[in-house]
Amino acid sequence: MSLCILFIVLIKTAYINRTKAFLYLRVIVILLFGSAISNILYHILLNYVELLNTAVPVYVFRTMYHLCLFGMFVHYVYYMKEPMQLDERHDKRYGLIAVIGFIILALWEVIGTVTHLGYYIDDNYMVHMGFPLFPIGYVAYLFLLGYLLVKYRDKVFKQVIMGVTITVGLSVLILCVQQVHRQSSYTSATFTFPIIALLYLVHSNPYNISSGALGTPAFADCIKTNHDRNKSLLLMSLYMPEYDRNGRTYPSEILGTIRYFATDFFKGANLFQLSGGHLILVIDTDKNPDYDEHNRKMISEFNRVYPIYHKDYKIVRIKSDERLGVNRDYVAFLDYIHRKMPINSIYFVEDKDVKDFYDQIYIQGQLNDIVERKDLNDPRVEVYCQPVFNIRKGVYDTAEALMRLKLPELGMVFPDVFIPIAERINCVQMLTKIILNKTCRQINTMIRNGYNVRRISVNFSIFDVRENDFCAMVERIIKENEIEHNKIAIEITESQNESDFEIIKERINELKGSGIKFYLDDFGTGYSNFERIMELPFDIIKFDRSLVIASSSDEKMREMVSHLAKMFSDMDYAVLYEGIEDEEDEARCIDMSANYLQGYKYSKPIPIKQLTEYFVKTS
């Protein structure tokens, strides 16, 4: 009984995965407690059977004692079926064998007493043991459990099997020694040994002694259990990137503060450590109805102690969400929020954030499918274009190709949403191939229909350029679409990385001879090393919108931009200003040596097929 109370205390104070197997283990502890009580009452009443003048209470408690023990065996069988993941046929078979054995033993307890073939007390109050079915049943259940362990040993971790086997063997040894000395006092106690082994080997989620935090499996179980119970939770996530690098651990003074936050603000909160620098405090809102007030106090206290340590952090507060609970996506969702957050900030999650997260997962799935299909005409990838105005000729004869995704569930998705995802999962190269192919195909169509297409530029990222087959891929797609190489231009953003610079230089030199034009994109926003720019044989320099804006508000900036543009013009570079929005922008940029202008003044991005509305036919 004392051991059972100890188990209950430990189960309540420790964090244990509330799996189906653990529910069986809890029933086993209850039955063990019942067997201990029944055994004590049986022996007490046996001493006073003559005074009671009836043996019925003795029979009742002795029967309860044995049924509790055999009930434990039945639950041990059901317990073992969970980790072994038996198929339905075997699952029912072994459960049925265990239950039938229990029924037979229960019937014998009654029939044996009534027929005097088993345990009974005669009229002179003498005890007769009769046929010893209890030891036979004990051995039979041990055989069944042993058979399961041996037959399905490949499905269970070897050390777990070894630990349980040795523990059960110790129990049997004690029972044998007890039998030699004609004792029965330790029978119930021997049933506690497997419980101790299983709690330690299977269900333990040890606290980190320094921080009081549990691990990732315990967090997953906590989310599942509370979701299944429709429990409302508040999650406070603390991410300190410094401790996610180089295997660093929290210093003792920070661990002391973490313990303070984990224990002093909320009742029954659990702390989980998901990585070196990521901690999550899970709060049961039913136990903490005033959680908002305590949450404010907690954040206020954090702001007070922050100057002491001055370590970079990101804090996220999120209430439990049905969508995240069903899919067990809290960790992935928090990583997604961390990527969006600035450093040293606190963010309260809104419903829109969860929707955006699942939109991102959907987009990622669609991108992966696009890559797997390798269809250069994939309808989900659409080409939009922004016409570019040729100042000297007064016509639209060039354009910039822009990428869009049109997905079944989301409709139109813009690059600022899907490009970061594509870069993270390495899908950019396939998207670029599709855009280049569709652009070349449309150029072919427009030329055959008599339109004057000087060229259309396509943006390539450094991820594309790094590919060993980059040049061969560009050449192949242009050739397959039967257009001249000079009808395509490649836009590349300048790079600060030395190795990337050398790769870009090599690729440009390799393709330059075929007639392909090269644009330096977003000039004025990047590294802008003039020595490097001069080394790369670009044809057109695209001045970023930021320079257009700066030139309108500051005379010195206007002079600087104007001189830069004139310098490039004098060196036979063409100058293109992007982001032209009105006539004032247009006039100023023409005055600053512009060759081409691009922006909303002329056209917003349009589907590539609508370029025929801007381009003119050759005479």
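Computed from the coordinates by the stated procedures, all read-outs in this text should not be read as laboratory data. For clarity, every value in this text was computed on a predicted model and none was experimentally measured. Here Cβ is always computed from backbone atoms with ideal geometry, including for glycine, and neighbour counts include all displayed protein chains.
Odds and ends about this structure:
- The packing ranking of peptides 256-269, 27-40, highest mean first, is 27-40, 256-269, where packing means the average number of other beta carbon atoms within 10 angstrom of each residue.
- Between 0 and 90°, nearest 10: helix 428-448 axis offset from the chain longest Cα axis: 40 degrees
- About the Cα centre, charge dipole magnitude for the chain (Lys/Arg +1, Asp/Glu -1 at Cβ), debye: 2060 debye
- Among Gly365, Pro387, Ile346 the positive-end extreme of the charge dipole of region 311-416 (Cβ point charges): Ile346
- Protection proxy ranking of 48-54, 582-588 - average other beta-carbon atoms within 10 Å, highest first: 582-588, 48-54
- Per-residue ellipticity at 222 nm, computed for the chain from helices alone with -39500 (n - 2.57) per DSSP H run of at least four residues, works out to -18000 deg cm²/dmol.
- Segment Ile97-Arg466, extension gain: residue separation times 0.36 nm, minus the distance between their alpha carbons: 126.4 nm
- Of the residues Leu376, Ala14, Phe143, the one whose Cα sits farthest toward the positive end of the charge dipole of the chain, with +1 on the Cβ of Lys and Arg and -1 on the Cβ of Asp and Glu, is Phe143.
- Gyration tensor verdict on region 465-619 (Cα atoms; rounded if a/c is under 1.5, prolate if a/b is larger than b/c, oblate otherwise): oblate
- Estimated FRET transfer efficiency when R0 is 35 angstrom, pair Val27-Leu52 (beta carbons, to 0.05): 0.65
- Where both bridge residues fall in the chain, DSSP classifies roughly 55% of the beta bridges as antiparallel.
- Three-way shape label, region 444-552, alpha-carbon gyration tensor, a/c 1.5: oblate
- Cβ-to-Cβ counts within 10 Å put Tyr573, Tyr186 in ascending order as Tyr186, Tyr573, the fewest first.
- Burial ordering of Thr225, Thr187, fewest other beta-carbon atoms within 10 Å first: Thr225, Thr187
- All Cα-Cα separations within the chain were binned at 10 Å from zero, giving a P(r) of 3, 12, 16, 14, 13, 12, 10, 7, 5, 4, 3, 1, 0, each value a whole percent of the pairs.
- Ordering Cys176, Cys427, Cys589 from the fewest to the most neighbouring beta carbons within 10 Å gives Cys176, Cys427, Cys589.
- Three-way shape label, region 570-619, alpha-carbon gyration tensor, a/c 1.5: oblate
- Taking the average, over residues, of other Cβ atoms within 10 Å as the packing measure, peptides 600-607, 339-346 rank 600-607, 339-346 from highest down.
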